[in-house]
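These notes are about the structure you will find just below.
Read-outs throughout are calculated quantities, based only on the coordinates presented, and are distinct from any laboratory measurement. The model shown is predicted, which means the values in this text are computed figures rather than measured ones. Counting neighbours? That spans all protein chains shown, and the Cβs are built from the backbone with ideal geometry, glycine included.
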Amino acid sequence: MDGSGNRSKASLLNLTSTLKRRYEGGLPLDKDKLISKLNWFYSLELNQVDLYNAQSKAFKGSYNGLVFERCALIEQNHVDNLGEIIEKLGGKPTTLGDIISPLLGKVAGELIAMTGLEETLAINIMLEQKAMTDYNHLIEKLQQDQYGDNELTKILQHNFVDEHLHTEWFRTQIIAMKHDEFTVKNLSVETESPLENQVSEDLPKNHLSGNTQPTEVSFENRTFQMPME
């Protein structure tokens, strides 16, 4: 692996050569099924590249835009590695289109970004966790078949770690936004004049009714559980 996280051609060739030798002896997870699963991830990662590229443009000029741009580059590394493995196994990298999710892709990335940064991050977390769950299932299958020490499993594990890191950054950013929102709210309360405080105290408790009642959304509603390994 080079400094950018990309795997060398020699490493990929060694991986595919090893896999081919094992297929000749027979694998519980047959070759066609494995290629099909790898194409699922290939398509998923390709859509994530488009998603993050669209979001990086929507938030251009901000730190968040740079993060989305970096996420797109990391996902592109996943696409390249998976595509080469599929080809070496005799398959063809194939996109599965809308089978994956209507929330993925360039158009979806632009639409999601229009909902605001917090909603964008929350949706990104759900998508990353979907990828993590699927990666985890395939990794477990390969390990159950006693092929957990091969290069393919390591590549999938590294991809899983990348998705995990993306998820945790998105989650941390939401927490920071909630903290800033809470700080501003408290600051505005502390700077109220005595007269404003008195007026607020004199108002009846039920002076707000119907749709005018403010709604508080707790952060717990935006917290997603990590898939267990």
Taking other Cβ within 10 Å of each residue's Cβ, how do Met126, Met114 sort, fewest first?
Met114, Met126
Total formal charge among the other residues, if their Cβ is under 15 angstrom from that of Val67, Lys/Arg +1 and Asp/Glu -1
-3
Gain on full stretching of the segment that runs from Glu69 to Leu165 - 0.36 nm per residue minus C-alpha separation:
33.1 nm
Can you pull the one-decimal nm distance between simple spin-label points at Thr133 and Glu119, each 7 Å off the Cα toward Cβ?
2.2 nm
Here, Thr94 and Asp80, labelled 7 Å along Cα→Cβ, have an inter-label distance in nm of 2.6 nm
Per-pair calculated FRET efficiency, R0 = 45 Å: Lys178 and His158 via Cβ, rounded to 0.05
0.90
J(HN,Hα) series, the range 35-47, from Karplus relation 6.51 cos²θ - 1.76 cosθ + 1.60, nearest Hz, glycine and proline x
4, 4, 5, 5, 5, 4, 5, 4, 5, 4, 5, 4, 5
Exposure proxy check on Leu165, Leu38: fewest-to-most Cβ neighbours within 10 Å is Leu165, Leu38
Assertion target for Phe170, Phe68, Phe41, ordered by fewest C-beta neighbours within 10 angstrom first, is Phe41, Phe170, Phe68
Using a 7 Å offset from the Cα along the Cα-to-Cβ direction at both Lys31 and Lys60, what is the distance between the two label points in nm, to one decimal?
4.6 nm
